[in-house]
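Report on the structure given below.
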Amino acid sequence: MMGAIIYGGGERRVELDDRTLAHVKSVVVTKLRRQESFTLSCIEGLGDDSHRSSLWIHPSIPLEFEFTDPDRPELNRAWLNALMVSTNGSGDLWVDPEPDAEPGVTAA
């Protein structure tokens, strides 16, 4: 199921699967609560049509998360930590594939 980040008042739409989007949202909201700006980078498209895009995420820029599935997925704490550590170190939230979850360790 594909959700989307709607950026800049609808000027830009980045589609991500709902599970990935839930993890990205968690990190983005945490960073924005701290008034921290950063870039969000991901690969869009498939095969020869794929490209990398980066968005400047700032508390003053309108941002919306749209999910296809009404149910919130269980979050993988290891993935959240990896995304947050990466963002804190480089200033770039790079959407990497989900690592294997640690047994019995999830975030609500």
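The values are calculated or read from the model by the stated rules, or taken from the named source; none is laboratory data. On a predicted model such as this, the values are computed, not experimentally measured, just so you know. Positions of Cβ are backbone-derived with ideal geometry, glycine not excepted, and every protein chain shown enters the neighbour counts. Ligands, DNA and RNA are stripped out before the accessible areas are found, and what is left, the full protein with its side chains, is counted by its heavy atoms. Shrake-Rupley method; radii C 1.70, N 1.55, O 1.52, S 1.80 Å.
Summary of values
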{"item": "So L93, is it open to solvent by less than 30 Å² (accessible area, probe 1.4 Å), part of a strand (DSSP E or B) and modelled with pLDDT of 90 or more", "result": "yes"}
{"item": "Which numbered condition K31 fails, given (1) without any contact (Cβ under 8 Å) to a residue 60 or more places away in the chain; (2) within 14 Å of the chain's Cα centre (by Cα); (3) farther than 17 Å from A4 by Cα", "result": "(1)"}
{"item": "Some residue of the stretch 43-56 being closer than 19 Å to P99 by Cα and either modelled with pLDDT under 95 or touching a helix residue (DSSP H, G or I) at 6+ places or on another chain (Cβ under 6 Å) (or both)", "result": "yes"}
{"item": "Those residues of the stretch 41-82 which are part of a strand (DSSP E or B), of a type outside the set (S, T, N, Q) and either farther than 14 Å from G3 by Cβ or open to solvent by 90 Å² or more (accessible area, probe 1.4 Å) (or both), in sequence order", "result": "I43, H51, R52, L55, W56, I57, E64, L75"}
{"item": "In the stretch 16-40, residue farthest from N88 (Cα to Cα) [restricted to those that are among the charged types (D, E, K, R) and outside any helix (DSSP H, G or I)]", "result": "D17"}
{"item": "Filtered residues of the stretch 34-61 (kept if hydrophobic (A, V, I, L, M, F, W, C) and over 14 Å from the mean Cα position of the chain (by Cα))", "result": "L46, I61"}
